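Bear in mind these aren't lab numbers, they're just calculated from the coordinates by the rules spelled out. These figures come from a predicted structure and were not determined experimentally. When we count neighbours, we look across all protein chains shown, and the Cβ atoms used for this are built from the backbone with ideal geometry, even at glycine.
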Amino acid sequence: MQFKDIVGQRDTINRLTSIIDSGRVSHAQMLLGEVPTAMPLAWAYLQYLCCEHRQHYESGDLRADSCGECPSCKKIASLMHPDLHFIFPTATTSKVKEKPWSGEFQGEFRDFMLDRQGHGDIDDWYDALGIENKQGLIRELDADGVVSDLSLKAYEGGWRMMVVWMAEKMNESFANKLLKTLEEPLPGTLIMLVCESDERLLPTIKSRVQTIRVTGHNSKDKEENAEFAEMLVGWLRMLFKLKMKELSAQVDKMAGLNREQLKLFLQYAQKVMRDCFLNSAAGVACHLGSGDEKFDAQFPKMITVNNIALIEEALDDAIFAVERNAYAKIAMMELSFRLSKALKKK
Ligand SMILES: [Zn+2]
């Protein structure tokens, strides 16, 4: 994960790289903010910390970044660095029937992180883990793992890093053991808490970690929505005519989004369709923002009780396919045909 792959957050990123460049890296740090935003930053931060050829830029909005090419960058990007460990909430599953802890689910967690490039949230993780309605926790067993992982000699001779993801899920016995580790930090170790709310953390833990607040990117959300709106309207228009050449170009454009963005786009499409249905059923105008009043007025009327379920199902299936790494272009083409058919059922 490089900083350049992260959307927005330039001030926070420049602050993070300057912490490392100053050589004053604290043994315990906390990135506090929504984990789908904070985790990619933590990931890129550790990659920058370990990078053998850090890059510094004279111009542009990023002051520095990891090289992305050195062996260390590659190991951290693939989460295969032997000195990088993760602690996260777990619960019993069909595989681990008792005494669950992070050590049992390292592979699952790594896949989860790699799949979503760090953007998953706690509910996504519980789904991936298959714990159903149970609540995950970070427990004493996890703390024993921290102590043993961090007290080993670093394989690579550099930092030994422990990321505690969703640190607010730690129970009391984990917190007490963590506190001991924080009080007597081992040289060359870094504990990084990634946390959405620090209210439940012990004050003694909070006072020992260097906290960096990560704010959401609302202005970016707006930009993204405008971009999504334009893309969606362009696509919807084509679903009526189905001119293959144009549709194919539009599908290419959508399939060119990265997987997380494509999923967000499909969720956005789903929300718009639902709004169209509810509003047109209620006789209220729905603002698609296409810039074409006639289209904005006519389109919502196409979404009726006869096709809303088909539309939702087609979008659900596409989201599912994208999540499971299907070939985006095929998934989007299939979705286009299904939506086209459904829209004609008004
Ligand atoms: Zn590097």
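Summary value for segment 218-343: 30 percent relative contact order, contacts being C-alpha pairs under 8 angstrom separated by 6+ residues. Report note on the peptides 130-139, 84-93: ranked by the mean count of other C-beta atoms within 10 Å, highest first, their order is 84-93, 130-139. In summary, no helical segment of the chain meets the span-like criteria, namely a full DSSP H run, a Cα extent along the axis of 24 angstrom or more and a mean Kyte-Doolittle hydropathy of at least 0.0.
Of all DSSP-defined beta bridges confined to the chain, some 15% are antiparallel rather than parallel.
Using the structure shown, select from 263/345; 134/329; 4/206 the pairs with a Cα to Cα distance greater than 28 angstrom. Check vs 28 Å cut-off fails for 134/329; 4/206. Between the residues 8, 19, 233, the greatest Cα displacement towards the positive end of the dipole of the chain, with unit charges on the Cβ of Lys, Arg, Asp and Glu, is found for 233.
For segment 1-36, trypsin sites (Lys or Arg not before Pro) meeting the loop criterion (DSSP other than H, G, I, E, B) and having at most 11 other Cβ atoms within 10 Å: 24. Dipole check for the chain: with +1 at the C-beta of Lys and Arg, -1 at the C-beta of Asp and Glu, and the Cα centre as origin, the magnitude is about 760 Debye.
Between residue 56 and residue 154, the contour length at 0.36 nm per residue exceeds the Cα-Cα span by 32.6 nm. When the helices of the chain are scored as -39500 (n - 2.57) per DSSP H run of n ≥ 4 and the total is divided over every residue, the value at 222 nm lands at -16500 deg cm²/dmol.
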